[in-house]
Amino acid sequence: MRILSGVQPSGRLHVGNYFGAIRQFLELQEKGHECFYFIANYHALTSLQDKKAMEESSLHVAMALVAFGIDPARSVIFLQSDVPQVAELCWVLNCVCPVSQMEKATGYKDKVAKGIAPNMGLFDYPVLQAADIIIYDSNLVPVGQDQKQHIEITRDLAGKFNRTFGGEILVVPEAFIVPEVAVVPGIDGQKMSKSYDNAIELFAAAKQTQKRCAQIVTDSTPLESPKDPDKCNVFALLKLFAAEEETRQIADKYRSGGYGYGHAKGRLAELINERFAAARLRYEQLEKNPDEIGRILREGGEKARQAAEKTMTRVRDACGILRNM
Ligand code: ADP
Ligand code: TRP
């Protein structure tokens, strides 16, 4: 089975990205599937228009994937921009995509509702994402809940192309979403996101993580009073990190009183720092050796281009697009 997913280099990765995406990336690799994971820099360009930030974030995401154990010997790690065929397929899919379907896409609608003047790239974002997925004949796409609509659009476009050009030319993919971690809350209880300033970063110093956990929003129930764990932002995060037994014990402590939010925040920071310690160390090593990540991305790009060209050859042929090169 072929697995594919992408992460935008639009800022520093956070706990939501780990549980919603990266953890599944790893699991699927460990199961022996053929995995393609890439840095979606052309998607980020729809909103991040700063050379230095784009370059830095792209390397950050690439190093983070490797630091977590995505293994370039088994999985293909690459930059979206190293596969120009994706932009070519995006154009072809644009030509079978109804404008009305894009007008209904939530990412675009949300920006318009916020008063942001959307660019054409943002309007076309879902079609570029469909091209990303379809070009590698992907079967399964591990993502968080917020990406569900994009995968639906991808399925529609692959189906529409197949019906228009007669035959099973493109693979119709499926989303892989793990319900318990589909929407990880941020420190304010809303969905954790780079753009809401509510994220807990994966690659931060242990002290910084502690500080961030101390900022999690709670109500003002006094320390000695009983508390409802299921209404607490700290507990919502704690249960992602603690083992089952400890989660139960902490829930009991909440309910019986005498256990403050400060205690829970301290324990959460400890668990986060423990969970990510090895990846953070590996990340620091990669940072010291920029040639290594450059080599990984170059080799990944080469493999990705080969796979992409095979699909594009089928697509051009199916549409009667002649080429003399
Ligand atoms: P952000 O919303 O912070 O910009 P991205 O859009 O770059 O994050 O997301 C990269 C991957 O992480 C996607 O698969 C996305 O669904 C997943 N993801 C992002 N935030 C969360 C979250 N809070 N909970 C679960 N998954 C998430
Ligand atoms: N839109 C995705 C996000 O914001 C990133 C992305 C781009 C992606 N292309 C993809 C995810 C293809 C999965 C498959 O997170």
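Okay, residues lined up against (1) of a type outside the set (Gly, Ala, Ser); (2) farther than 30 Å from ARG316 by Cα:
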site: HIS150; (1), (2): yes, no
site: PHE161; (1), (2): yes, no
site: PRO179; (1), (2): yes, yes
site: ALA204; (1), (2): no, yes
site: GLN208; (1), (2): yes, yes
site: LYS211; (1), (2): yes, yes
site: ALA214; (1), (2): no, yes
site: VAL217; (1), (2): yes, yes
site: LEU223; (1), (2): yes, yes
Quick check on the stretch 205-213. Is at least one of its residues away from ligand 2 (no atom under 13 Å from the Cβ) and touching a Ser or Thr at 6+ places or on another chain (Cβ under 8 Å)? no
If we scan the stretch 114-127, do we find a residue that is farther than 24 Å from LEU45 by Cβ, open to solvent by 20 Å² or more (accessible area, probe 1.4 Å) and in contact with a helix residue (DSSP H, G or I) (Cβ under 6 Å, 6 or more places away or on another chain)? no
Of everything in the stretch 128-179, what is under 17 Å from LYS109 (Cβ atoms), without any contact (Cβ under 8 Å) to a residue 40 or more places away in the chain and open to solvent by 60 Å² or more (accessible area, probe 1.4 Å)? Give them in sequence order. LYS148, GLU152
List the residue pairs whose Cβ atoms are under 8 Å apart, where the first residue sits in the stretch 96-108 and is within 23 Å of CYS319 (Cα to Cα), the second is within 16 Å of ligand 2 (Cβ to nearest atom) and open to solvent by 60 Å² or more (accessible area, probe 1.4 Å), and the two are 6 or more positions apart or on different chains. GLN101/ASP156
In the set LEU89, LEU93, LEU28, LEU4, the lone residue that is within 15 Å of ligand 1 (Cβ to nearest atom), more than 12 Å from the chain's Cα centre (by Cα) and open to solvent by less than 40 Å² (accessible area, probe 1.4 Å) is LEU28
Enumeration of residues in the stretch 286-310 that are part of a helix (DSSP H, G or I) and of a type in the set (S, T, N, Q): GLN306
Scan ALA264, ALA277, ALA269 and give me the residue that is loosely packed, with under 15 Cβ neighbours inside 10 Å, hydrophobic (A, V, I, L, M, F, W, C) and farther than 30 Å from ASN139 by Cβ. ALA277
Mind listing just one residue for me: the one in the stretch 183-198 that is touching a helix residue (DSSP H, G or I) at 6+ places or on another chain (Cβ under 9 Å) and open to solvent by less than 20 Å² (accessible area, probe 1.4 Å) and, of those, nearest to ligand 2 (Cβ to nearest atom)? SER193
Subset of the stretch 147-182 [within 14 Å of ligand 2 (Cβ to nearest atom) and of a type in the set (Lys, Arg)]: LYS148, ARG155
Would a scan of the stretch 246-257 turn up a residue that is surrounded by 18 or more Cβ atoms within 10 Å (Cβ to Cβ) and assigned by TED's automatic domain parsing to the domain that holds VAL141? no
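Residue by residue, here is whether (1) within 12 Å of ligand 1 (Cβ to nearest atom); (2) modelled with pLDDT under 95 holds:
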site	(1), (2)
ALA131	no, no
VAL141	yes, no
GLN147	yes, no
HIS150	yes, no
ILE153	no, no
ALA158	no, no
PHE161	no, no
GLY167	no, yes
PRO173	no, no
Provide a single number: the residues in the stretch 34-87 that are free of Cβ contacts under 8 Å to residues at least 60 places away in the same chain, part of a helix (DSSP H, G or I) and either in contact with a strand residue (DSSP E or B) (Cβ under 9 Å, 6 or more places away or on another chain) or closer than 18 Å to LYS194 by Cα (or both). 12
Counting just the residues of the stretch 7-17 that are open to solvent by less than 20 Å² (accessible area, probe 1.4 Å) and assigned to a helix (DSSP H, G or I), which one comes out nearest to ligand 1 (Cβ to nearest atom)? GLY16
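Residue-by-condition table, conditions (1) more than 11 Å from the chain's Cα centre (by Cα); (2) closer than 28 Å to ILE116 by Cβ; (3) of a type in the set (A, V, I, L, M):
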position	(1), (2), (3)
GLN8	no, yes, no
ARG23	no, no, no
GLY32	yes, no, no
LEU48	yes, yes, yes
LYS52	yes, yes, no
PRO72	yes, no, no
Step by step: first the residues of the stretch 10-33, then only those that are among the hydrophobic types (A, V, I, L, M, F, W, C) and under 19 Å from SER138 (Cα atoms), then the one that is nearest to ligand 2 (Cβ to nearest atom). Which residue is that? ALA21
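The values are calculated or read from the model by the stated rules, or taken from the named source; none is laboratory data. Please read these numbers as outputs of a predicted model, since none were measured by experiment. We place every Cβ from the backbone using ideal geometry, glycine too, and count neighbours over all the protein chains shown. Note: areas computed on protein heavy atoms with side chains; ligands, DNA, RNA excluded. Shrake-Rupley method; radii C 1.70, N 1.55, O 1.52, S 1.80 Å.
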